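Take a look at the structure set out below.
The values are calculated or read from the model by the stated rules, or taken from the named source; none is laboratory data. Since this is a predicted model, take the numbers as computed values, not measurements. Positions of Cβ are backbone-derived with ideal geometry, glycine not excepted, and every protein chain shown enters the neighbour counts. Side chains are part of the model used for accessible areas, which takes the heavy atoms of the whole protein and leaves out ligands, DNA and RNA. Shrake-Rupley method; radii C 1.70, N 1.55, O 1.52, S 1.80 Å.
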Amino acid sequence: HLEVWQARTDSRICCWMSNQTIFSFESHLDFVNSLRSFSDRFFWAVYKDNCFLGSVNIHVMDSGYAERGIFMNPCLVGKAMAKEIEENAYSIYRNLGISVLKAKVRKNNIRSLKYHQKTGYSIECENEEYYFLIKFTSQYAERLYEIIKSFDHKTSADFEVDDLRKRLAVPEGQYVNY
């Protein structure tokens, strides 16, 4: 836990976080212990050859949708380790049934924005402070998202399940978790 806390509270890392507050190691341990009471949040400290690489977390918001966060060991920033972490975490997302990942990046964090775009995220929207990103782990989820965005939300859209299956290009008889 000490390595995670040290990286998380390092000024080179915490300046990019939503919560930029520096907190004590004891507060960190209290937070870690509180995670046991949540079934919708997952945090991983990622190691390779006994070296702390970084941390990944997901907060499952709804069926198939989660918010994802990541931070790196500040000594390893820029060494392509985050991409390796993301690739390995991908199977975890799929096993949890997550087909849509969302993340947010501070607008002045160009390195993180480029990293996210290289790993398949795209900008969904933005405000003054953040880019809000989206990534699909399923081709069907991405198609469904595009179909829903195309609906005129001022009128009701009536469609049949078979029509939606056709639009998604789902083979007949195949079940898809989207």
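Summary of values
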{"quantity": "Computed lengthening from residue 24 to residue 92, 0.36 nm per intervening residue step minus Cα-Cα distance", "calculated": "21.5 nm"}
{"quantity": "Antiparallel content of DSSP bridges confined to region 1-140, in %, to 5", "calculated": "90 percent"}
{"quantity": "Per-residue ³J(HN,Hα) for region 25-36, Karplus 6.51 cos²θ - 1.76 cosθ + 1.60, θ = phi - 60°, Hz, x for Gly and Pro", "calculated": "4, 4, 5, 4, 5, 4, 4, 4, 5, 5, 5, 4"}
{"quantity": "Filter on 79/104; 104/135; 48/114; 83/135; 48/83; 79/135 - keep pairs with C-alpha separation over 19 Å", "calculated": "79/104; 48/114; 79/135"}
{"quantity": "Value of relative contact order over region 21-74, rounded to a whole percent, pairs C-alpha under 8 Å and six or more apart", "calculated": "23 percent"}
{"quantity": "Neighbour-limited loop hits for GluC sites (Glu not before Pro), region 52-142 (at most 11 other Cβ within 10 Å; DSSP other than H, G, I, E, B)", "calculated": "128, 129"}
{"quantity": "Virtual paramagnetic centre 7 Å along Cα→Cβ of residue 75, amide N under 20 Å, in region 7-39", "calculated": "7-15, 25"}
{"quantity": "Carbon/sulfur fraction of accessible area - region 74-116, other protein chains in place, 1.4 Å, %", "calculated": "52 percent"}
{"quantity": "Extension gain, residue 114 back to residue 11 (0.36 nm per residue minus Cα-Cα distance, nm)", "calculated": "35.0 nm"}
{"quantity": "Under Karplus coefficients 6.51, -1.76 and 1.60, residue-wise ³J(HN,Hα) of region 86-91 in Hz, glycine/proline x", "calculated": "4, 4, 6, 6, 3, 5"}
{"quantity": "Separation in nanometres of the label points that stand 7 Å from Cα toward Cβ, at residue 49 and residue 61", "calculated": "3.8 nm"}
